[in-house]
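Structure, as structure tokens:
The values are calculated or read from the model by the stated rules, or taken from the named source; none is laboratory data. Just so we're clear, the structure is a prediction, and the values are computed from it rather than from any experiment. Methodologically, a virtual Cβ is constructed for each residue, glycine included, from the backbone with ideal geometry; neighbour enumeration extends over all protein chains shown.
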Amino acid sequence: MTAPLHYPRRVLVTGGAGFIGCNFIRHLLASDPGVQVINVDALTYAGHRANLAGLEERFAGRYHFVHADIRDEAAMEQTFATHLPDTVVHFAAESHVDRSIDAPLLFVDTNVRGTAVLLETARRHWQGRADVRFHHVSTDEVFGSLGPEGAFTEDTPYDPSSPYAASKAASDHLVRAWYRTYRLPVTISNCSNNFGPYQFPEKLIPLIIRSALAARPLPLYGDGLNVRDWLFVGDHCRGIELVVRRGQPGRTYNIGGHGERTNLWVVRTLCAVLDELSPRPDGSRYEELIAFVPDRPGHDRRYAIDASRIERELGWRPEVGVEEGLRRTVAWYLENEQWCTEVLRERYDLGRLGLPK
């Protein structure tokens, strides 16, 4: 069945001051001159106005920022009433597994209740309309851990291991329920591990880059052989836009980069790129800083995405390989030292998170 095309014109992006959200906003504004974007963000530790620098000037009249929390029903009602969006792209979430181990109830409140508030607000404002779309951005972590073979499909049963993954699984179920019960036009995407510019340095790749440049130990959990399917953020943004415009309402699409690598391989590759682009003053290699540390509780061993549905139905393919993406990412962080300093100030000291007390 061919889905009717959706033509977004007033797009409400939640969590647009975060990593993937800000990259998506930049992509969408640049690729479609007819689109307006309303960015709703609570500006928690991982969301920062620095991620959006220059957008209001470059896209005057097309980009609007609303400082609000998706859990705030009155604020979401006011935002919909004022800006009249025809499309929601929902990124806003607490998203770091280690922090979910430290503060699980915050993840439940934001990721589950916040999603429900957005769904209900959209339902009230879009009663009877077919020219609208609610797209929910989720993760492959809802599926749990794979064995040495196979890949997650859209039909893989959910088996979350962390409070973060469980909260995202719950929000996915809410989105499907609003489609089945209320016929709200929704789509869902489950992506693999993103990397690229503007990622807050608590996540593996920017953490390793920043720690290496500061001559700090480079922490690797366990034996470092956990496998993730790495996806360059620009490829992910293209995939999301395709799902929003051409996806079948009620349908889920996996977005993966065909980039399975162990964490150890990723860290060693980052070290080699840094050796080339920013050598250590004493001539030693960054790899000498690698330090194996106690594993994270509930650490899934392997993820891999089967992205054949979005490739077959919507024509999406990843364009940036892992090696090229890592080189681009290292270069970006080296060129944006001021951004790193600003977003980290009094927010994160690069220390270990996710060790239950």
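Data table
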item: Test: residue in region 281-300 that is within 22 Å of SER138 (Cα to Cα), surrounded by 18 or more Cβ atoms within 10 Å (Cβ to Cβ) and in contact with a helix residue (DSSP H, G or I) (Cβ under 8 Å, 6 or more places away or on another chain); result: yes
item: Residue among HIS173, HIS236 that is surrounded by fewer than 19 Cβ atoms within 10 Å (Cβ to Cβ) and in a helix (DSSP H, G or I); result: HIS173
item: Test: residue in region 58-66 that is out of contact with any Pro (no Cβ under 9 Å at 6 or more places or on another chain), within 15 Å of LEU12 (Cβ to Cβ) and in a helix (DSSP H, G or I); result: no
item: Selected residue (criterion: farthest from the chain's Cα centre (by Cα)) from residues of region 4-30 that are among the hydrophobic types (A, V, I, L, M, F, W, C) and surrounded by fewer than 17 Cβ atoms within 10 Å (Cβ to Cβ); result: LEU5
item: Residue that is farthest from THR262 (Cα to Cα) [pool: residues in region 193-204 that are among the hydrophobic types (A, V, I, L, M, F, W, C) and surrounded by fewer than 23 Cβ atoms within 10 Å (Cβ to Cβ)]; result: PHE200
item: Close pairs from region 285-296: first within 19 Å of THR269 (Cα to Cα), partner assigned to a loop (DSSP other than H, G, I, E, B), Cβ under 6 Å, at least 6 apart; result: LEU289/PRO217; ALA291/PRO217
item: Which numbered condition TYR253 fails, given (1) surrounded by 22 or more Cβ atoms within 10 Å (Cβ to Cβ); (2) within 18 Å of ARG302 (Cα to Cα); (3) hydroxyl-bearing (Ser, Thr, Tyr); result: (2)
item: Residue under evaluation ASP98, criteria (1) modelled with pLDDT under 95; (2) assigned to a loop (DSSP other than H, G, I, E, B); (3) under 20 Å from the mean Cα position of the chain (by Cα); (4) surrounded by fewer than 24 Cβ atoms within 10 Å (Cβ to Cβ), criterion not met; result: (2)
item: Region 204-229 residues that are touching a residue at least 12 places away in the same chain (Cβ under 8 Å) and in a loop (DSSP other than H, G, I, E, B), paired with ones that are surrounded by fewer than 19 Cβ atoms within 10 Å (Cβ to Cβ) and among the basic types (Lys, Arg) (beta carbon under 6 Å, 6 or more apart); result: ASN226/ARG301
item: Residues of region 128-155 satisfying the condition of being closer than 18 Å to GLY250 by Cβ and either among the β-branched types (Val, Ile, Thr) or out of contact with any helix residue (DSSP H, G or I) (no Cβ under 9 Å at 6 or more places or on another chain) (or both); result: GLY128, ARG129, ALA130, ASP131, VAL132, VAL137, VAL142, THR153, ASP155
item: Qualifying residue in region 47-67 (condition: closer than 20 Å to PHE134 by Cβ and among the charged types (D, E, K, R)); result: no
